[in-house]
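The values are calculated or read from the model by the stated rules, or taken from the named source; none is laboratory data. If you're wondering where the values come from, they're calculated on a predicted model, not measured in any experiment. Here the Cβ positions follow ideal geometry from the backbone for every residue, glycine too, while neighbour counts run over all protein chains shown. With ligands, DNA and RNA removed, areas are computed over all heavy atoms of the protein, side chains included. Shrake-Rupley method; radii C 1.70, N 1.55, O 1.52, S 1.80 Å.
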Amino acid sequence: MKNYDTKVTITDFYVNWMRIKSACMTTINKAGGKNPTTEWKKKLLICRHSPIRRGILSWKWANIPYAISTHFVRHHEGVEKFVGTEREDRTMVNRELRSQMNYIPVEMDANLQGLMNISEKRLCMCADPTTRKYWEGVIEEIRKYSEIIAWSNVPQCVRCGGCPEVFGNCQFYKNLMKDATIEDQQDLVKRYNIYNEKVRHLFLTDQSN
């Protein structure tokens with residue numbers, strides 16, 4: 001597979017956990033109280049209750065193939081996107097001479113719910129491999145700001161506890177969990193941990209080659 005420029009820049013990161021917790025406590029008629037613990041944050045991200053939508057971040061790809069950008073702009077809940085034009089009168093390049101894999105710039109905003117929705121589809125092993133590379137790059141860049149938020153972004157099979165792509169024959173989840181006990185497989189937090197430990201190692205190994 002061709003090596004594309006998957007570099008991404010986080011342009012804004014606004015995740016105020018006390019503000020998120022305040023919204024949670026308001027829904028049960030309580031005050032915000034103390035700063036939330038790591039365990040509490042993980043539980044809230046897994047539950048995906050509405051206050052997580054108070055967390056918002058933005059990123060930009062300076063160079064992403066046009067065809068790959070179309071996979072990301074299909075996401076609409078909790079997401080906004082700003083796509084570089086290919087209009088001939090703006091770029092001075094004949095559109096008929098362009099390839100679908102020509103680079104364009106794309107900037108996106110997402111709340112934490114929207115971010116996880118994208119991950120379910122674009123970290124999936126049935127997703128386009130180049131699209132997955134671009135999205136893995138986003139999650140690893142987010143990890144520099146918040147390990148917990150990066151941890152919460154998993155493909156849909158990890159979330160579901162099995163492969164939901166029933167029209168295919170993907171063996172990723174079975175291979176991922178082949179050494180895990182039934183008890184671990186039934187525990188959502190442990191499934192997330194297994195995915196993050198194994199797949200991040202593979203991602204970092206691939207990046208070093």
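Ranking request for peptides 135-144, 168-177, 68-77: highest mean number of other beta-carbon atoms within 10 Å first, then the rest in descending order. Display every interim value, and only then the final one.
Working: 135-144: 19.5, 168-177: 14.6, 68-77: 16.2.
My ranking of the peptides, most packed first, is 135-144, 68-77, 168-177.
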Residue (of Tyr173, Ile149, Trp40) at the positive-pole extreme of the chain, dipole from beta-carbon charges: Trp40
Per-residue SASA entry for Asp179, accessible area with 1.4 Å probe, Å² rounded to 10: 120
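Can you give the charge dipole size of the chain about its Cα centre, rounded to the nearest 20 debye, using +1 on the beta carbon of Lys and Arg and -1 on the beta carbon of Asp and Glu? Display every interim value, and only then the final one.
Details: 32 positive and 24 negative charges, 119 e Å.
So the dipole magnitude of the chain works out to roughly 580 debye.
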Cross-link table Lys43/Lys174; Lys34/Lys121; Lys60/Lys198; Lys121/Lys198; Lys21/Lys43; Lys42/Lys133, entries beyond 23 Å C-alpha to C-alpha: Lys43/Lys174; Lys34/Lys121; Lys60/Lys198; Lys42/Lys133
Nearest 10 degrees, 0 to 90: helix 188-208 Cα axis against the chain principal axis: 30
Shape box of the chain [Cα atoms, principal axes, largest first, Å]: 59, 42, 33
Nitroxide proxy distance, nm - points 7 Å out along Cα→Cβ at Asp179 and Gln100: 3.9
Solvent-accessible surface (1.4 angstrom probe) belonging to Met101, in square angstrom, nearest 10: 60
Nearest-ten-degree value, helix 17-27 long axis tilted from longest Cα axis of the chain: 60
